[in-house]
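Below is one structure, written out as structure tokens; the observations come after it.
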Amino acid sequence: MTVESTAARKPRRSAGTKSAASASTTGTKSAATKRAGAAAKKSPGATGGEPELVQLLTPEGERVQDATYDPYVADITSEELRGLYRDMVLSRRFDAEATSLQRQGELGLWASMLGQEAAQIGSGRATRDDDYVFPTYREHGVAWCRGVDPTNLLGMFRGVNNGGWDPNSNNFHLYTIVIGSQTLHATGYAMGVAKDGADSAVIAYFGDGASSQGDVLEAFNFGAVYNAPVVFFCQNNQWAISEPTERQMRVPLYQRAQGFGFPGVRVDGNDVLASLAVTRWALERARSGEGPTLVEAFTYRMGAHTTSDDPTKYRADEEREAWEAKDPILRLRTYLEAANHADEGFFAELEAESETLGKRVREAVRAMPDPDSLAIFEHAYADGHALVDEERAQFAAYQASFVDEGGN
């Protein structure tokens, strides 16, 4: 296997065709829509008890049935299941290496996705090659699914480029730092897709904190009014930096879709199978002209918001430990072993591949040039500015003060 393998990706289909799962559920879309509406009427409650959500794998790794969403993963093979597991393991290894590199001073900042692998890999593998993805800055697993070289993600966080990949090569937009604005970009792009009559869909990623931004609500409204083929995929990791979701909203997040006239569904974001199935369903709705869907992947950020954050200041260890017991990777491994979908040889080979990936990432980052520390003063004003020139000179002198007589 190679690091860039696309195991578990659905093959691209020509216009007007549907997947086997979709073809076998011709009458299911309306049922799925009804289910989403029914679920929206039930309040999972922000306090007390487990929220109602779509789940196909329990935290103990047991397969459970769901009449609505089972058809969307009915055709999944053992090889594809192993591919999903491999995707999660390798994307977590990449994420861990990036965090370590930042701690060693090789990156300026890093936004970890630790704990959110199932939501990202499941939804990422639900997309087709001709779909277009609009990420924020934490979708490292989705980038992996779209075939973006992971080392390209690190240049921006090192300060040596503005992204590092061509968005049109993988239909994966550059990372967006401005919170929530990519949802408007995605909706506009989806409106263009509809006008072109293309058989494809758009998916926009954002977090629970971003859902409170006006841009996101405007995107919901435009998407609904123009019946745009867009899926709004919210990774609700329950913490907008240091603010819990109950301080951001009065109703469960997925229910917000009701006010804009399209369905919302809450899925277990630590269940890769459920994330795959629900996203396939939502993308099929979009492609068939049924408009947008809000998918809330209920998951948990196990680590810090970014490497500049200290979650111990606002989050209890007991909460984190409870969610670590629901680890998405352990969940799928338990299922693979119990159902004889993978043997020890597979896990050993994957461990070796993980080590190779880690080494490649470390070497690639350390081979990158140091960022130009004076570049931050460029383009602050179109025609230059005396104060900026003065600040640049002061900073250059400060930097030069660290150079010793030997030029080091």
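The values are calculated or read from the model by the stated rules, or taken from the named source; none is laboratory data. For clarity, every value in this text was computed on a predicted model and none was experimentally measured. Cβ coordinates were reconstructed from backbone atoms using ideal geometry, including for glycine residues, and neighbour counts include every protein chain displayed. Each accessible area value is taken on the protein alone, full model and side chains, heavy atoms only, with ligands, DNA and RNA left out. Shrake-Rupley method; radii C 1.70, N 1.55, O 1.52, S 1.80 Å.
How high is the relative contact order of the chain, in percent, with contacts defined as C-alpha pairs under 8 Å that are six or more residues apart?
Details: 696 pairs, mean separation 91.6, N = 408.
This gives 22 percent for the chain.
Using a simple spin-label model with points 7 Å from Cα along the Cα→Cβ vector, what separation in nm is obtained for Glu321 and Asn152?
Computed distance between label sites Glu321 and Asn152 equals 4.3 nm.
Tell me which aspartates and glutamates have Cα within less than 19 Å of Lys195's Cα, excluding those fewer than 8 residues away on the same chain?
Within the straight-line limit of under 19 Å, Lys195 reaches these aspartates and glutamates: Asp130, Asp131, Glu284, Glu290.
Give me P(r) over region 193-262, computed from all C-alpha to C-alpha distances, binned every 5 Å, as integer percentages.
Histogramming region 193-262 at 5 Å steps yields 3, 15, 26, 24, 15, 9, 4, 3, 1 percent.
What does the helix-only formula give at 222 nm for the chain: each DSSP H stretch with n ≥ 4 adding -39500 (n - 2.57), the total divided by the residues, and the result rounded to the nearest 500 deg cm²/dmol? Write out the running numbers ahead of the final one.
Numbers: 14 runs with 174 residues, N = 408.
Calculated at 222 nm, the ellipticity per residue is -13500 deg cm²/dmol.
How far apart, in nanometres, would the label points at Glu355 and Leu330 be if each is projected 7 angstrom from Cα along the Cα-to-Cβ direction?
Taking the two extended label points, one gets 2.4 nm.
Taking Cα centroids, how far is region 167-235 from region 255-300 in Å?
After rounding, the separation between the Cα centres reads 13 Å.
Testing the spin-label approximation: label points 7 Å from Cα along Cα→Cβ at Ala67 and Lys313. State their distance in nm.
Spacing of the two 7 Å Cα→Cβ label points: 5.1 nm.
For region 307-350 and region 356-397, what is the centre-to-centre distance using only Cα atoms, to the nearest Å?
Comparing the Cα centres of region 307-350 and region 356-397, I get a distance of 37 Å.
Multiplying the sequence separation of Asn168 and His385 by 0.36 nm and subtracting their Cα-Cα distance, what value in nm do you get? Mind dumping the intermediate values first?
On the way: separation 217, 0.36 × 217 = 78.12 nm, distance 3.58 nm.
Length gained between Asn168 and His385: 74.5 nm.
So if we plug the beta-carbon distance of Lys195 and Asn161 into 1/(1 + (r/R0)^6) with R0 = 51 Å, what FRET efficiency do we get, rounded to 0.05? Kindly include the intermediate steps, with their values, before the conclusion.
Working: r = 33 Å, r/R0 = 0.64.
Computed FRET efficiency for Lys195 and Asn161: 0.95.
Roughly how many Å² is the accessible area per residue of the chain, as a whole number, for a 1.4 Å probe? Walk me through the numbers on the way to the answer.
Details: 17770 Å² over 408 residues.
Each residue of the chain exposes 44 Å² on average to a 1.4 Å probe.
Could you work out the local net charge near Glu353, counting Lys and Arg as +1, Asp and Glu as -1, over the other residues with Cβ closer than 10 Å to its Cβ?
Numbers: positive: Arg86, Arg93; negative: Glu349, Glu351, Glu355.
Summing Lys and Arg as +1 and Asp and Glu as -1 gives -1.
Extension gain Arg103-Glu60, at 0.36 nm per residue separation less the Cα-Cα distance, in nm?
Details: separation 43, 0.36 × 43 = 15.48 nm, distance 3.35 nm.
Value of the extension gain: 12.1 nm.
Mind checking the full-extension length gain between Thr77 and Tyr398? Use 0.36 nm per residue of separation minus the Cα-Cα distance, one decimal, nm.
On the way: separation 321, 0.36 × 321 = 115.56 nm, distance 5.97 nm.
Answer, rounded to one decimal: 109.6 nm.
Need the list of aspartates and glutamates near Lys359 for cross-linking: C-alpha distance under 18 angstrom, and skip anything on the same chain fewer than eight residues off.
Glu4, Asp87, Asp95, Glu97, Glu106, Asp149, Glu349, Glu351
Quick one: compute a quarter of the convex hull surface over the Cα atoms of the chain and quote it in nm². Don't skip to the answer; put the middle values down first.
Numbers: hull surface 90.5 nm².
Across all orientations, the chain yields a mean hull projection of 22.6 nm².
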